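Step one of this worksheet: look at the structure below.
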Amino acid sequence: MKRELRKLQRQLNAEERHSLYQNIMDAHSGDNATFYKIIRRQRQSGKRLLDCLIIDDVHFDTPDLIREAWTNYFTDLSTPSEKPQNQQYRSQVELDRILLQDILEHEDEKTIEFDIGTIQKCISKMKTGKATDQFGISAEHFKYGGEKTAKILTNLINEAFKFKRVPQCFKEGIVSPLFKGHGKPICLPKSYRRITVSPVMGKLMESVHLCLEEPKLLKVQSRLQRGFTAGVNPTFAALPLTEAIIEAKELGQTLFTTFVDASSAFDVVWHASLLKSIFKSGISGQSWQILNDWYTNMSSAVRWEGKLSTSFAELQGVRQGSVWSPSVYKLFVNPLIKKLESESLGFKIGNVFVGTPMCADDLLLISSKPDELQTMISYTSHFAETEEYNISKEKTKVMIWNSSLNCNLWNQMEKFHIGSETLETVENYKHIGIDRDSREVEATRTIIGNRLKTARQTSYALMGSGLHGLNGLNPEVSCKLWSTYVVPRLLFGLEIVNLSAKDISRLDIFCNNFLKQIQNLPARASNAGAYLLLGQLPIIALLHKKILITFGTIARSDSVENDLAKRQLSTKGKNSKSWFIRADKILKQYNLPCASEVLLKPETKYKWKMKIKKCIDNFWSEKLFTEAKSKPSLRYLNIKNCKIGVVNSIWKSAGSEQMCIRKACYKIKMLLDTYILQYHRSKFSNGQKTSICPLCEEGTEHLEHFLVVCSALTSIRDIFISKLYTVVVPKIGTVAWTDICVSNSKMIQLILDCSRFEWYHVLEKNDINLVESITRSLCYSLHEKRSVLLESK
């Protein structure tokens with residue numbers, strides 16, 4: 001009974017697995033939304049759920065108790081301390097807020113009014129597919145509501161601005177604790193990020209308001225603030241550090257850095273001080289009063305296990321998930337960066353200040369002098385105390401570069417402090433997702449090792465979706481998963497750091513092996529063949545694309561990075577390790593304009609992307625073609641029919657049927673000459689094993705013998721050749737068919753890759769699919785027959 005039960009369980013699991021693969025492959029062909037939905041659901045299956053929350057050593061182990069515990073936790077987080085560091089300063093700022101409110105309330109100014117076009121533009125930018133708010137409304141209601149809905153929304157928003165008040169229902173939110181992951185303990189509240197779902201109507205009003213005021217904000221924002229800024233990649237905050245390390249090394253200097261970590265930065269923003277900073281940035285009148293009202297009487301409720309808790313007041317903090325939050329938070333911390341720069345505290349490359357790059361709440365302090373770095377830390381600590389937020393002493397770390405001393409010696413010699421706490425000097429740290437290591441030998445080895453680890457974990461997570469070789473998804477679909485999920489995680493941040501040839505080699509080996517595995521090819525298969533069959537570029541080409549896209553963004557921007565580029569390109573020699581010199585060399589490699597020309601005449605984002613795509617694709621196509629032509633194992637692959645971005649017809653025609661994909665795997669092995677025959681066994685054993693065909697014993701068993709000569713397989717072969725005859729001859733004629741039949745090499749070419757024949761263009765799509773179906777069935781049937789005959793001997 002047990003054996004039968006297990007058998008039935010395995011059968012049921014296999015049916016469910018095949019059904020999942022089938023759904024994924026069917027959705028891939030046209031329904032992207034369903035395709036990614038299935039993948040996300042499959043990846044999320046098996047995730048741990050919180051069954052016990054621990055706060056101050058108290059355990060909460062039922063949904064109702066956990067919900068209540070979350071509410072109390074967020075209530076405490078949203079309530080300012082009763083004993084601030086500087087009571088006098090707090091009282092003054094609170095008074096300033098009241099005075100500003102009173103002055104602006106009685107100020108005579110023109111009422112702000114928005115036209116329906118502005119409202120419709122903001123509605124079109126709203127993201128779809130998001131959770132509904134507490135009123136059951138989603139962005140789709142506004143998007144598909146038509147002009148009548150847009151008119152009503154325009155009137156509502158204009159009325160709110162007229163009376164300088166935000167309706168209370170717009171300010172109510174739903175809090176969802178989001179687990180951060182990364183190995184953090186699931187039962188502790190600090191392992192969660194507080195995400196608030198705001199009312200959709202409130203989001204629209206925020207969007208309209210932000211569109212009006214954003215130009216003013218960008219003018220006052222520090223050029224070293226890289227977070228939440230349109231057209232700026234957050235990883236740009238890592239580029240000044242890369243350049244500073246190289247510059248200091250070339251000047252023979254030691255570089256001192258501190259990675260500052262603010263505790264729950266968004267959740268503890270002081271509203272009165274925030275509004276004061278907003279006023280100083282140039283936002284006044286109705287706009288300031290609207291923002292002031294936003295941050296008055298805000299409330300939220302916690303959603304847990306489908307139920308809502310009682311509401312709690314939000315007396316401090318900006319919501320993660322709100323439209324205005326990123327912009328106002330940047331204004332809140334902007335004075336700190338501006339102060340450090342105005343005091344000339346921090347590292348300079350030439351006359352370009354790079355001492356305080358910041359990405360949202362991640363601040364990096366850079367200096368070549370330890371005393372100066374301590375002063376910068378003290379300024380930062382004082383600002384945090386004044387503005388009533390905390391810096392995590394445990395997570396804030398010091399790193400020292402270009403030094404012959406290790407971190408243990410530095411911890412004994414040079415101590416950096418925040419208040420009375422001593423900061424630890426470490427050798428490695430993860431900054432905005434990029435692993436940094438101060439040891440020169442380990443510098444990029446650590447980064448590459450962690451990137452490869454992340455890529456492997458991502459691919460393992462996708463195995464349940466069929467991302468593996470035999471009995472998995474069609475490699476065409478697997479390739480899409482590879483490009484969408486694995487490659488971005490593999491290359492994240494690598495465009496900012498300088499990698500060695502050895503680092504590139506490690507990436508290359510991983511990618512080569514992966515692309516072979518999803519095609520069920522052995523490691524000895526030609527790399528060029530594996531790439532050309534899937535229409536993929538080598539990983540170095542993808543990395544070069546990212547570097548050049550980043551450089552194009554820098555060229556178009558008025559930024560610190562643009563100033564750095566001009567300085568480094570004009571002062572550094574070709575042997576410099578500068579990132580910009582490296583970018584210049586890559587541009588020349590692909591016969592693109594030099595870096596200085598790109599800076600002088602930057603192209604639009606779309607044109608630049610298309611140009612580098614074309615140049616890089618052409619360069620690597622030629623390189624792969626040249627390599628493929630030199631490989632005897634690829635003699636039957638029609639290289640001219642291979643294009644970057646286009647999957648070979650063998651895989652495309654296999655469709656989503658598991659048996660068809662399995663047959664195609666064997667045909668691909670024969671096409672790349674990796675199918676093991678007696679000839680290969682003899683070759684690999686240095687002649688110790690015979691190369692004579694074990695089936696007919698009439699000659700050497702190589703690919704030609706196996707496919708078209710071996711008499712033991714004639715019965716199988718004739719069935720499929722006759723089928724080919726009925727499909728091909730009506731299109732190409734008997735003369736061309738006879739020419740194929742009298743030549744073994746031409747017959748093999750027809751079986752393995754018929755696209756090399758001149759008459760191939762005469763065939764319609766259905767004819768090509770029929771030929772592929774017959775030939776892959778022929779290859780698989782020959783394999784099966786051979787296996788049966790060998791077992792019987």
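The values are calculated or read from the model by the stated rules, or taken from the named source; none is laboratory data. These numbers come from a predicted model, not from an experiment. Positions of Cβ are backbone-derived with ideal geometry, glycine not excepted, and every protein chain shown enters the neighbour counts. Side chains are part of the model used for accessible areas, which takes the heavy atoms of the whole protein and leaves out ligands, DNA and RNA. Shrake-Rupley method; radii C 1.70, N 1.55, O 1.52, S 1.80 Å.
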In Å², what does the accessible area per residue of the chain work out to with a 1.4 Å probe? 48
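Taking the Cβ-Cβ separation of Glu394 and Ile98 as r and a Förster radius of 45 Å, what is the calculated FRET efficiency to the nearest 0.05? Could the numbers behind the result be given before it?
Numbers: r = 37 Å, r/R0 = 0.83.
After rounding, the FRET efficiency stands at 0.75.
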What is the range 579-662 by shape, rounded, prolate or oblate, if you read a ≥ b ≥ c off the alpha carbon gyration tensor as root eigenvalues and call it rounded for a/c under 1.5, prolate for a/b larger than b/c, and oblate otherwise? prolate
Contour minus Cα-Cα span, Thr128 to Arg439, at 0.36 nm per residue, comes to 107.4 nm
Consider just the alpha-carbon atoms of the range 423-477 and return their Rg together with their Dmax, both in angstrom. 16.6, 53
Please give the FRET efficiency for Asn72 paired with Lys184, using the beta carbon to beta carbon distance and R0 = 22 Å, rounded to the nearest 0.05. 0.60
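Report the Rg/Rh value for the range 190-304, based on alpha-carbon coordinates and the Kirkwood definition of Rh. Can you show the working numbers first?
Values: Rg = 18.8 Å, Rh = 17.8 Å.
So for the range 190-304, dividing Rg by the Kirkwood Rh gives 1.06.
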Excluding ligands and nucleic acids, what accessible area in Å² is computed for His141 using a 1.4 Å probe, to the nearest 10? 100
If you take the C-alpha gyration tensor of the range 434-540, multiply each eigenvalue by 5 and take the square root, what semi-axes do you get, largest first, in whole Å? 26, 15, 11
Quick check for you: which residues of the range 116-143 have the amide N under 15 Å from the point 7 Å beyond the Cα of Asn32 toward its beta carbon? 128-129
Excluding Pro84 itself, calculate the net charge of residues whose Cβ lies under 13 Å from the Cβ of Pro84, where each Lys or Arg counts +1 and each Asp or Glu counts -1. -3
The summed charge of the Gln289 Cβ neighbourhood (under 13 Å; Lys/Arg +1, Asp/Glu -1) stands at -2
nm² value of the averaged projected area, convex hull over the Cα atoms of the range 113-246: 11.8
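Can you sort Ile676, Ile349 by solvent-accessible area, 1.4 Å probe, largest first? Walk me through the intermediate numbers first.
Values: Ile676 55, Ile349 0 Å².
I get Ile676, Ile349, largest accessible area first.
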May I have the pair-distance distribution P(r) for the range 625-711, computed from all Cα-Cα distances with 5 Å bins from 0 and rounded to whole percent? 3, 12, 17, 18, 19, 14, 10, 5, 1
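At 37 °C and 0.692 mPa s, grab the translational diffusion coefficient of the range 559-705 from Stokes-Einstein with a Kirkwood Rh over Cα pairs, rounded to a whole number in µm² per second. All intermediate terms of the calculation are to be shown ahead of the outcome.
Values: Rh = 20.2 Å.
For these conditions, the coefficient is 163 µm²/s.
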Reduced to Cα centres, the span from the range 717-746 to the range 655-671 in Å works out to 22
Under 17 Å from Lys629, Cα to Cα: aspartates and glutamates that are on another chain or at least 8 residues apart: Asp673, Asp753
Note down, for the range 288-339, the three equivalent ellipsoid semi-axes (square root of 5 times each alpha carbon gyration tensor eigenvalue), biggest first, whole angstrom. 27, 14, 9
Note the direction-averaged projected area, equal to a quarter of the hull surface, for the Cα convex hull of the chain, in nm². 44.2
Cα convex hull of the range 189-247 - mean projected area over all directions, nm²: 6.8
Alpha-carbon centroids, the range 93-112 and the range 319-387: separation in whole Å: 30
Roughly what % of Cα-Cα distances in the range 722-793 sit above 17 Å, to the whole percent? 46
Give me the one-decimal nm value for the distance between modelled label points at Val735 and Thr254, 7 Å along each residue's Cα-to-Cβ direction. 8.5
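Would you calculate, for the chain, the mean residue ellipticity at 222 nm contributed by helices, counting each DSSP H stretch of 4 or more residues as -39,500 (n - 2.57) and dividing by all residues, to the nearest 500?
Value at 222 nm, helices only, nearest 500: -17000 deg cm²/dmol.
How high is the FRET efficiency between Leu452 and Leu790 when r is their beta carbon distance and R₀ equals 41 Å, given to the nearest 0.05? Before the final figure, lay out each step's value.
Details: r = 39 Å, r/R0 = 0.96.
The formula returns an efficiency of 0.55 here.
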Carbon and sulfur: what percent of the chain's accessible surface (1.4 Å probe)? 51
When all C-alpha to C-alpha distances in the range 462-598 are sorted into bins of 5 Å, what percent of pairs does each bin hold, rounded to whole numbers? 2, 9, 17, 18, 15, 12, 10, 7, 6, 3, 1, 0
Can you classify the range 1-140 as rounded, prolate or oblate using the Cα gyration tensor, where a ≥ b ≥ c are the square roots of its eigenvalues, rounded means a/c under 1.5, and otherwise it's prolate if a/b beats b/c and oblate if not? oblate
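With both partners inside the chain, how many of the DSSP beta bridges are antiparallel, as a percent to the nearest 5? Numbers along the way, then the final one.
Numbers: 38 of 46 bridges.
Within the chain, antiparallel bridges account for around 85 percent of the total.
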Cα-Cα over 19 Å: which of Lys574/Lys611; Lys667/Lys746; Lys37/Lys480; Lys585/Lys611; Lys667/Lys723? Lys574/Lys611
Alpha carbon centroid spacing (whole Å) that separates the range 752-768 from the range 416-446: 59
